[in-house]
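The values are calculated or read from the model by the stated rules, or taken from the named source; none is laboratory data. Predicted, not measured: the structure shown is a model, and the values here were computed from it. Cβ sites come from the backbone with ideal geometry, for glycine too, and all protein chains shown count toward neighbours. For the accessible areas, the whole protein counts, side chains as well, though only heavy atoms, and no ligand, DNA or RNA atoms are used. Shrake-Rupley method; radii C 1.70, N 1.55, O 1.52, S 1.80 Å.
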Number of protein chains: 4
Amino acid sequence: MIKGLTRSGLGVFRDDEQYITRAAQFGFQSVDLDPLELIQQYGGDYSKHLLESNRVIVGAFGLTVDWRTTDEQFREGLKSLVETAEAAVSMNCFKCCTYILPSTDQNAAAFMTTATRRIRLCADILGAFGIRLGLEFVGSHHLRTKWTHPFIWSMADTLDWIDTINSKNVGLLLDSYHWHTNGLDVQDLLNLKLEQIVHVHINDAYKVPIEDLLDHERLYPGEGGINLVGFLKSLKTIGYSGVVAQEVISSTLSQDSTELLTRSKTAFDNVFGNI
Amino acid sequence: MIKGLTRSGLGVFRDDEQYITRAAQFGFQSVDLDPLELIQQYGGDYSKHLLESNRVIVGAFGLTVDWRTTDEQFREGLKSLVETAEAAVSMNCFKCCTYILPSTDQNAAAFMTTATRRIRLCADILGAFGIRLGLEFVGSHHLRTKWTHPFIWSMADTLDWIDTINSKNVGLLLDSYHWHTNGLDVQDLLNLKLEQIVHVHINDAYKVPIEDLLDHERLYPGEGGINLVGFLKSLKTIGYSGVVAQEVISSTLSQDSTELLTRSKTAFDNVFGNI
Amino acid sequence: MIKGLTRSGLGVFRDDEQYITRAAQFGFQSVDLDPLELIQQYGGDYSKHLLESNRVIVGAFGLTVDWRTTDEQFREGLKSLVETAEAAVSMNCFKCCTYILPSTDQNAAAFMTTATRRIRLCADILGAFGIRLGLEFVGSHHLRTKWTHPFIWSMADTLDWIDTINSKNVGLLLDSYHWHTNGLDVQDLLNLKLEQIVHVHINDAYKVPIEDLLDHERLYPGEGGINLVGFLKSLKTIGYSGVVAQEVISSTLSQDSTELLTRSKTAFDNVFGNI
Amino acid sequence: MIKGLTRSGLGVFRDDEQYITRAAQFGFQSVDLDPLELIQQYGGDYSKHLLESNRVIVGAFGLTVDWRTTDEQFREGLKSLVETAEAAVSMNCFKCCTYILPSTDQNAAAFMTTATRRIRLCADILGAFGIRLGLEFVGSHHLRTKWTHPFIWSMADTLDWIDTINSKNVGLLLDSYHWHTNGLDVQDLLNLKLEQIVHVHINDAYKVPIEDLLDHERLYPGEGGINLVGFLKSLKTIGYSGVVAQEVISSTLSQDSTELLTRSKTAFDNVFGNI
């Protein structure tokens, strides 16, 4: 598996160059970032050089299309989706991700029909570029009731949705936090087929009942109560060899990236050392 | 347009033969029934003879597949779906219908993903036989909250769902009662495209606020407060020339079919006489 | 029906402004053009002004995506497809067209699988903007054997393909020349459903056996042997009220647009005067 | 991997019971057969008992729907498809297969559109039962020109077709003979993803140029010139652990099933002993 980073939980970087360079310095092999922004900043050649000279790959990029609100907003994003897909391919990145909020102020059934159609179109566009789309289920309990109507938050419902979307290149973004907040165990991971996983996020949770865990107060891998060794071992068992990217969403962290990168490195060494 | 009947609001018939014969006697040109049951009772030849000698067609048949509960129940119905489709084709009937309950005890978003997949498969099977599938939105307000979570009940949401199902042969079953309970007007019908309508139900409602109308207490066309002349004129304007089938769901009716057929005939004469 | 033009058979215009202005002067109500190029030349506001002040609409635009060669070429065109769709919507144009060559040097079956996937993606992108895609079958006999393997050229096969593509917004671009070269008659048009027609081209053919007609030697409407009055009457009967755009492909025409517009006006007056 | 049989190359069995029993006696762990016929002969319970007491599973069953000729023929088969799917599930078999003839007397492109639609419907029906559908490419050179127009015969074109069919449960039936007649090597297998393989056939070919190999003159594994050890090793490397079923199509074999089973056992022992 490839040790990766997202920007969450790393403080502030001056720019992508610093993000990439420092990721490499601390032993990470991939970064999640927007490949279109990267190229717009540095040009294609220098972007490639930056990645290659640091032996860092782009792990995945976020779906920038707004599939949650109006048709106008949705259409607005399609042009940049194509541009971003082109940019991603040129950076050898073939994974795109988006997350599913577990409740909604819209009528849940009606929103689901719209979302299905929109996500399918995004997936089909990405598919033309050989890019897969990972859908992240978000299990945090407080978010399940934050908006009026329950939407979906479980792995099973997300897989069922993926079935209905019916595009071959759609799978899961599996986040250890939501595996945990859903009360799942290693067997649930072992039941997955490799092709169902597009991307993986890792982070840890306070040792409190899962009902009380807040989505924006996460810990570095190994610092909390999630069975991350079991998580990684299970993924390995079913053949996953892709990126495992840290995503520590937290409002209480320092902004000192050196300190946070050090903490991240220690976290990864601890957890990966035990699998 | 073709004046049609369903069994709702007609009391009890001895069998399909009586249903067909009496429909003809009272001037109706179509009956909604199960073509497979028809053939199983009378054989294909006599069934055809029954229809032709009475100059009655089969308007539409109900989808017997259970798409609302378990995968097992759903699969169970697929075999008879194929048989029913064959039977329908042999009786020259190319319309199948099902209704959407406006609330559900299941998670609405998750149920919508499952329902989308199941309805798509039913539609695709029917499509192989040239049969269209009409989805009926049910607007009755008391049913919107009868089960835990709101599902969909509006024409707009149903059309959106049809878009997502993405099978060419799926459209609306338009029922005057639900046009009314949704607070729609003639312009909403005039905005429809002909190909969006698969089948039409007609019946009337008590003159009370639409919020208070009960789904199972309907009136015969012209006896209540729905603008049925406007309803029919609008359908005619957009080119609809198919079956308009009476469906008077009511728990308080007599079971005397002669009396009820007479009442139905009067109702149709009144309403159709004014368009 | 709306009398329209394409640039084929009109000689050379200085620019789109002249094309639009002169179309209007000669009584035409629509022009087929590239809405993105239009806006890039004149900006959105002036483009709208040009169209509105001349009471001319954009009839349809050509699909610029290359769906016939490599995946790279195909992807290359997707970005401008989104941009063109946006431009088209802003000019109130909701029709896009492409044509099908009747033979191919590729393995015909393999090319068909690729083409199906690519056209479906284009259609789905266009669908997000409410735009329909018309596929034009090309019946010219000499083109059926111009390349190694037969592809498809009949209306029936094209409708069958549209069924398989399975996107609701795909239909036919019906060209009178190919209706003629296919040996079809008015009944074949009367059998169509309105929603199967996206766009219509009109032009005429020399009075020779259809096997001898060359694709690039067409006549103005009414100058040749096609039953164009029957063609238009049939379209009217099934409810078509959209654009009928002249497309006179010919290598032997003068380049004097005044002369050719005069000839076009006469042609339309003759043919439309008789329906 | 599971050592399996098909009936091809085994002479005549009295019935399925003998087929199953003798397969077990000669060390085979699976048989390809029609689960509906099995149940119709023996009933569900005895069928299960037959399989379980012999420790034999049903490897795969053939798609009995005729997707190659008329719509009527196609529809005709849909009912038994559902019944067969039910039967297969009750026998714990989740794999269905069909083969693609490499040439056709129909217009190849038009046939491809029809075939795509039909195969998609079959796959979607099977998918409702959790059954996957394997498409077998047939590379035999003499069959590529046996009918008027070339269809598809390569693994790449078949994978491309599978992409276009766009049902998640469709993949390859990989037959060593056609891997060989296509001139493919082990790297082509190593490039496959596990989920692309539904079922595997094994048999051998005479040591003549692949252009001269006849489809109906095959040898038992290890008796000919195909690199079957490389074939199996590659499948193992990419994680395939399913059934490898012998299919020796030959018009010159004896009908003595004991002799042929003995030859099959020796063949499997030789080949599997070397991986």
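Some notes on this structure:
- Check on residue B:47, over 20 Å from the mean Cα position of the chain (by Cα), polar (S, T, N, Q) and surrounded by 18 or more Cβ atoms within 10 Å (Cβ to Cβ): yes
- Unique residue being among the polar types (S, T, N, Q), more than 14 Å from every other protein chain (Cβ to nearest Cβ) and without any contact (Cβ under 8 Å) to a residue 40 or more places away in the chain when the list is B:251, B:154: B:251
- Selection within segment B:175-203: residues that are among the β-branched types (Val, Ile, Thr) and within 14 Å of chain C (Cβ to nearest Cβ). The member of this set that is surrounded by the most Cβ atoms within 10 Å (Cβ to Cβ) is B:198.
- Close pairs (7 angstrom Cβ cut-off, 6 or more residues apart or separate chains): in contact (Cβ under 8 Å) with a residue 12 or more places away in the chain and under 14 Å from residue C:220 (Cα atoms) in segment C:256-275, open to solvent by 10 Å² or more (accessible area, probe 1.4 Å) and hydroxyl-bearing (Ser, Thr, Tyr) anywhere: C:260/C:254
- Condition check for residue B:69: assigned to a loop (DSSP other than H, G, I, E, B), touching a helix residue (DSSP H, G or I) at 6+ places or on another chain (Cβ under 8 Å), open to solvent by 50 Å² or more (accessible area, probe 1.4 Å) and closer than 29 Å to residue B:144 by Cα: no
- Within the set B:213, B:172, the sole residue that is open to solvent by less than 60 Å² (accessible area, probe 1.4 Å), among the aliphatic types (A, V, I, L, M) and touching a residue at least 60 places away in the same chain (Cβ under 8 Å) turns out to be B:213.
- Residue ID - surrounded by the most Cβ atoms within 10 Å (Cβ to Cβ), chosen from residues in segment A:124-134 that are hydrophobic (A, V, I, L, M, F, W, C) and at the interface with another protein chain (Cβ under 10 Å from one of its Cβ atoms): A:125
- Only one of the numbered conditions (1) closer than 23 Å to residue D:121 by Cβ; (2) open to solvent by 10 Å² or more (accessible area, probe 1.4 Å); (3) within 12 Å of chain A (Cβ to nearest Cβ) is violated by residue B:164, and that is (2).
- Filtered residue count, segment C:97-117, keeping only those that are farther than 16 Å from residue C:158 by Cβ, crowded, with 23+ Cβ neighbours inside 10 Å and more than 8 Å from every other protein chain (Cβ to nearest Cβ): 0
Every residue, every condition in (1) within 14 Å of chain C (Cβ to nearest Cβ); (2) under 19 Å from the mean Cα position of the chain (by Cα); (3) touching a residue at least 24 places away in the same chain (Cβ under 8 Å); (4) outside any loop (DSSP other than H, G, I, E, B), yes or no:
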{"residue": "D:4", "(1), (2), (3), (4)": "no, yes, yes, yes"}
{"residue": "D:11", "(1), (2), (3), (4)": "no, yes, yes, no"}
{"residue": "D:14", "(1), (2), (3), (4)": "no, no, no, no"}
{"residue": "D:40", "(1), (2), (3), (4)": "no, no, no, yes"}
{"residue": "D:65", "(1), (2), (3), (4)": "no, yes, yes, no"}
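- Residue ID - nearest to the other protein chains (Cβ to nearest Cβ), chosen from residues in segment C:52-63 that are over 20 Å from the mean Cα position of the chain (by Cα) and on the phi < 0 side of the Ramachandran plot: C:52
- Pair list, Cβ < 7 Å and 6+ apart or interchain, from segment A:67-79 residues that are more than 12 Å from residue A:117 (Cα to Cα) and more than 10 Å from every other protein chain (Cβ to nearest Cβ) to residues that are open to solvent by less than 70 Å² (accessible area, probe 1.4 Å) and part of a loop (DSSP other than H, G, I, E, B): A:73/A:66
- Among the residues of segment B:80-93, those that are open to solvent by less than 10 Å² (accessible area, probe 1.4 Å), within 12 Å of chain D (Cβ to nearest Cβ) and either closer than 17 Å to residue D:81 by Cβ or not in a helix (DSSP H, G or I) (or both) comprise B:81, B:82, B:84, B:85.
- Residue ID - nearest to the chain's Cα centre (by Cα), chosen from residues in segment B:135-151 that are of a type in the set (A, V, I, L, M) and more than 12 Å from every other protein chain (Cβ to nearest Cβ): B:138
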